[in-house]
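Notes for the one structure printed next.
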Amino acid sequence: MQETLAAQSVILRDDAHLPEAVKVETEPYAPGWRVLKNMDAFGLDRAIRAAGWTFFSLAHALKVSAIGGKRSNRMERGIKKLAARLRTGEFNALEIIEARPKSFLGVPYINISGRSRHIQQSMFLVPSKDRSAWKADKSDIPSASMVTTASKTPALSF
């Protein structure tokens, strides 16, 4: 397990599906989670978009603190807290924005901020409860060609 995570590190759920064209190296980080070793959030985003998939990012940052113990234990506890705050089952990745160790009156703690991320093939963010049904029947979602065709309406002239 990595002792520290830098800003822009990405942690993936064990069950996260990636495009076959995206080759990543991971190692276990916490139960149910793996940390990327060979690229950061920007590199993963570029690779996923090049494969035609989407790497969604929520603008809202999650913030947690973990107190006491060794730095690696604080970091792992903080990551577990962040993962618990993700909406269960809706997002399959977590981007670390910042991990800052501090101390107050000699008691060490760490502030960690992260962002929910999600990797999926569709360009539409589908809620988890509808994901299985949507995968079975994609006919109700307009394709990109339908969207661009609909937007090319002729201009009216008088």
Can you pull out the residues in the range 72-110 that are in contact with a Gly (Cβ under 7 Å, 6 or more places away or on another chain) and either of a type in the set (Val, Ile, Thr) or at pLDDT below 80 (or both)? Ile96, Ile97, Val107, Ile110
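For the range 92-125, how many residues are over 12 Å from Ser65 (Cα atoms) and either in contact (Cβ under 8 Å) with a residue 60 or more places away in the chain or polar (S, T, N, Q) (or both)? Break it down stepwise before answering.
We begin by selecting, within the range 92-125, every residue over 12 Å from Ser65 (Cα atoms); these are 92-97, 104-107, 115-125.
Filter once more, keeping what is either in contact (Cβ under 8 Å) with a residue 60 or more places away in the chain or polar (S, T, N, Q) (or both): 92-97, 116-123, 125.
Total meeting the criteria: 15.
Quickly run through the range 50-101 and pick out the residues that are of a type in the set (Val, Ile, Thr) and farther than 19 Å from Ala7 by Cα.
Matches in the range 50-101: Thr54, Ile67, Thr88.
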Any hit, the range 111-131, residues being modelled with pLDDT of 85 or more and of a type in the set (Lys, Arg): yes
For residues that are in a helix (DSSP H, G or I), farther than 18 Å from Leu36 by Cα and of a type in the set (S, T, N, Q), tally how many sit in the range 72-120. 1
When residues of the range 1-53 are filtered for being in a loop (DSSP other than H, G, I, E, B) and either at pLDDT below 90 or surrounded by fewer than 17 Cβ atoms within 10 Å (Cβ to Cβ) (or both), how many remain? 29
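Quick one: count up the residues across the range 1-41 that are among the basic types (Lys, Arg), out of contact with any helix residue (DSSP H, G or I) (no Cβ under 9 Å at 6 or more places or on another chain) and closer than 14 Å to Asn92 by Cβ. Before the answer, list the steps.
At the first step, the residues of the range 1-41 found to be among the basic types (Lys, Arg) are 13, 23, 34, 37.
Those left that are additionally out of contact with any helix residue (DSSP H, G or I) (no Cβ under 9 Å at 6 or more places or on another chain): 34, 37.
Within this subset, residues satisfying the condition of being closer than 14 Å to Asn92 by Cβ are 34.
Matching residues across the range 1-41 total 1.
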Given the conditions (1) more than 13 Å from the chain's Cα centre (by Cα); (2) buried (at least 20 other Cβ atoms within 10 Å of the Cβ), report the number of the one that Lys81 does not fulfil. (2)
Can you list residue pairs whose Cβ atoms sit under 9 Å apart, with the first residue in the range 17-44 being touching a residue at least 60 places away in the same chain (Cβ under 8 Å) and under 20 Å from Ala6 (Cα atoms) and the second being hydroxyl-bearing (Ser, Thr, Tyr) and not in a helix (DSSP H, G or I)? Count only pairs 6 or more apart in sequence or on different chains. Ala41/Ser9; Ala41/Ser57
Can you pull out every residue in the range 42-58 that is of a type in the set (A, V, I, L, M) and either in contact with a Leu (Cβ under 7 Å, 6 or more places away or on another chain) or under 12 Å from Leu94 (Cα atoms) (or both)? Leu44, Leu58
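The values are calculated or read from the model by the stated rules, or taken from the named source; none is laboratory data. On a predicted model such as this, the values are computed, not experimentally measured, just so you know. Quick reminder, even Gly has a Cβ in these numbers, built from the backbone with ideal geometry, and neighbours come from all protein chains shown.
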